[in-house]
Amino acid sequence: MDWEHARYLLVEQQIRPWDVLDQKVLDRVLTVKREDFVPADKRALAFVDSELPIGHDATMLAPKVEARFLQEVELQPADKVLIAGAGTGYLMALAAGLAANVYGIEIEPALASQAEANLAAAGVRNARVIVGDAVHGLTEQAPFDVIIATGSFASVPATLKDQLAVGGRLIAIVGELPIMSATLVKRVDHGAFSEEKLFEYNLPRMKNAPVAPAFHF
């Protein structure tokens, strides 16, 4: 396969049409070799326009969603970033070229090890993967300027919101089937947050995500 041509088509046919126009983000997609971050038996599907199973009941976000998330959080060169649900490390690798430090938290040890190996092979030096529950974030490294969650929630856990720095941004898929929305949370002050729904998109639940309370009549 001509991977570079396929990568060009990925940007032009999948990512740009999803309103991802930030050239810094597009350049990262063109630079980081996504095919090296997918399971070996899924390599031919590296650029498929959907979530990709990566084992351990986990999935890799669709490329257009990864790029859109990165654009919406407006990464800055000095930012400290947390990827909640590191998977195989690809989103971490994208973010690492746009921010100062990237941490990934991954509940499945085998995926965390794979992510570490993938990042090292890609020459990424400013990213680190920690085994843990993404719902609880990474308190020992908080606060973060940006948090990106790779699974959905009924509502954004307070544990993650509380780990944002003032001025920090968090993006996650929030809601219940059949309609969920990408939601951008900003910490406007120590005790105040704003939330904005950006676009509709459904994702599997983050492992151990709190269950929405049932309505009783």
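The values are calculated or read from the model by the stated rules, or taken from the named source; none is laboratory data. Bear in mind the structure is a predicted one, so any value in this text is a computation, not a measurement. Because the Cβ atoms are built from the backbone with ideal geometry, glycine has one as well, and the counts that use them run over all protein chains shown. When the accessible area is computed, the model is the full protein with side chains, heavy atoms only, and any ligands, DNA or RNA have been set aside. Shrake-Rupley method; radii C 1.70, N 1.55, O 1.52, S 1.80 Å.
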Just the number, please: carbon plus sulfur as a percent of the accessible area of the range 31-71, 1.4 Å probe, no ligands or DNA/RNA counted. 52
Charges on Cβ only, +1 for Lys and Arg, -1 for Asp and Glu, centred on the Cα centroid of the range 26-159; of Ile130, Phe47, Ser152, which one is farthest towards the dipole's positive end? Phe47
Accessible surface, 1.4 Å probe, highest first, among residues Thr88, Thr150, Thr31: Thr31, Thr150, Thr88
Computed accessible area, Glu196, all protein chains, 1.4 angstrom probe, square angstrom: 100
Once Lys and Arg are counted +1 and Asp and Glu -1 for all other residues with Cβ under 11 Å from that of Ala212, the total becomes 0
The range 173-212 - accessible surface per residue (Å², probe 1.4 Å): 62
Unit charges on C-beta of K, R, D, E only; dipole of the chain, Debye: 180
Using alpha-carbon coordinates, inclination of helix 63-72 to the longest axis of the chain, degrees: 50
Sorting Lys186, Lys42 by accessible area (1.4 Å probe), largest first, what list results? Lys186, Lys42
Length gain on complete extension for the stretch Ser50 to Asn126, per 0.36 nm per residue less the alpha carbon to alpha carbon distance? 24.6 nm
Just grab the label-to-label distance for Asp57 and Ala100, each label 7 Å out from Cα along the Cβ direction, in nm (one decimal). 3.8
Virtual spin-label span in nm between Ser155 and Trp3, 7 Å along Cα→Cβ: 4.4
Per residue, how much accessible area does the range 4-120 have with a 1.4 Å probe, in Å²? 39
How long are the semi-axes of the equivalent ellipsoid of the range 59-107, taking √(5λ) for every eigenvalue λ of the Cα gyration tensor, in whole Å from largest down? 16, 14, 8
Rounded if a/c is under 1.5, else prolate if a/b beats b/c, else oblate: with a ≥ b ≥ c from the C-alpha gyration tensor eigenvalues square-rooted, which is the range 60-172? rounded
State, as an integer percentage, the relative contact order of the chain based on alpha-carbon contacts under 8 Å between residues 6 or more apart. 14
Under a point spin-label approximation (7 Å from Cα along Cα-to-Cβ), what is the Gln141-Thr31 distance to one decimal in nm? 1.9
Considering only protein heavy atoms and a probe of 1.4 Å, how much of the accessible area of the range 134-217 is carbon and sulfur, as a whole percent? 58
Cα gyration tensor of the chain, axes a ≥ b ≥ c as square roots of the eigenvalues: rounded (a/c below 1.5), prolate (a/b > b/c) or oblate? rounded
For Val129, what accessible area in Å² do you get when you roll a 1.4 Å probe over the heavy atoms of the protein chains, rounding to the nearest 10? 20
Per its Cα gyration tensor (rounded if a/c is under 1.5, else prolate when a/b beats b/c, else oblate), the range 12-111 is best filed as oblate
